[in-house]
Amino acid sequence: MVFKEIAIKYKYSIALILLFVLIENVSFIIEPTFFGKLLDSLIDHFYDHEKVDYVYPLIIWIIVYLINVVGGTLHRLFNGSIYSRMYADIATDVVIDSKSHGDQFSKVLVRAELVKEYIVFLKERLPEVMWQLSATAGAIIALFFYDYRIALVCLAVVAPIAYINNLNRKNVTRLQKNIHDNQEELFGLIESRDTSKIGQFYNNTIAPKTSIARWNAFGYSSVKVLLIIIFIGVLFICVDVDKFTTGRIYSIVAYLWTFIASTDYLPELMESLASVKDLNQRFSGDEKIYENSTIPS
């Protein structure tokens, strides 16, 4: 598979980016716990200035926050340069390989263009995958320490959410194949200078793109409806939380919101996964074309 070859060839560059993403994500996930403790310390200090010191919780929270900032900064700093160079190198190899096999110029162009979707997945979707996994797992684990009932409510909807999005991915994969087929046909029309069918080409792209939008809307709305279960369950549980404090309630709400927000990018992620799967199938018959890459891994 081409994607597998790319991942292996550039494993160290990709791992470096994902390390920064992981640092950013983990610090973001644990931050509500420390901010909740800081909030309780500030409230207690207001009522009893001598017995409660808020400085230590404040320092800890600032450190966690700065770690999040550093991780996010390094992620964005290296993200553009690494993946831009990676695309330039891979696209060049695709063109050279296609020409060596005597492919038509239109096929050479479309393959070089389609490879960009691999880079988009690595640059944008892969960090989103890490965010969704770490946010979901991290939020559920953190909520167990506050009240296991809230964590169980969140855990109960994970399987239905996974099923809905897997169904979405399977249907979108078929539609992405149609879109990629149309892209190859477009370059063929341009090469042959047959402009009479250009309008027909663009009309043919409407149906699959509309269907993808419908499936994305279905996945998004279905997941959000399921999450209503969490809201309702947590409303009743929060009033019964042991050692009820403002900071604890803040932390619970923050982790709950993190869990819910982690589902926002699922439709786009499923669409990108479907696109990558179709590209793998298209390139699976080709020779390995990434053996002579020049970018350091």
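Every read-out reported here was derived from the displayed coordinates using simple, explicitly stated rules and does not represent laboratory data. As the structure is a prediction and not an experimental result, all values here were calculated from the model. Neighbour counts are summed over all protein chains in view; Cβ atoms, including those assigned to glycine, are modelled from backbone coordinates with ideal geometry.
Tabulated data for the structure shown
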quantity	calculated
Net lengthening on full extension, Y148/L58 (0.36 nm per residue, minus Cα-Cα)	29.7 nm
Cα-based Rg of the stretch 2-283 normalised by 2.2 N^0.38 Å, two decimals	1.28
Stretch gain in nm, segment N166-V120, where the contour uses 0.36 nm per residue and the Cα spacing is subtracted	14.5 nm
Dipole-positive endmost among V70, Y148, T263 within the stretch 2-283 (Cβ charges, Cα centre)	T263
Packing-based exposure ordering (other Cβ within 10 Å, fewest first) of V110, V253, V95	V253, V95, V110
FRET efficiency estimate (nearest 0.05) - Cβ-Cβ, S81 to V158, R0 35 angstrom	0.45
Cβ-based net charge around N68, under 10 Å, with every Lys or Arg adding one and every Asp or Glu removing one	-2
Distance-filtered residues of the stretch 114-131 - backbone nitrogen under 15 Å, label point 7 angstrom along V26 Cα→Cβ	130-131
Net lengthening on full extension, A213/V253 (0.36 nm per residue, minus Cα-Cα)	11.3 nm
Distance between modelled label sites at L133 and N203, nm, 7 Å Cα→Cβ extension	4.5
Cα Rg over Rh - the stretch 1-160, Kirkwood	1.19
Pairs beyond 25 Å (Cα-Cα), from K11/K177; K123/K170; K116/K224; K177/K224	K11/K177; K116/K224; K177/K224
Exposure proxy order (Cβ contacts within 10 Å, fewest to most) of I17, I237, I229	I229, I237, I17
For Y220, Y56, order by how many other beta-carbon atoms lie within 10 Å, fewest first	Y56, Y220
Debye, to nearest 20: dipole size of the stretch 2-283, +1 on Lys, Arg Cβ, -1 on Asp, Glu Cβ	840
Distance from the stretch 110-151 to the stretch 1-72 (C-alpha centre basis), Å	17
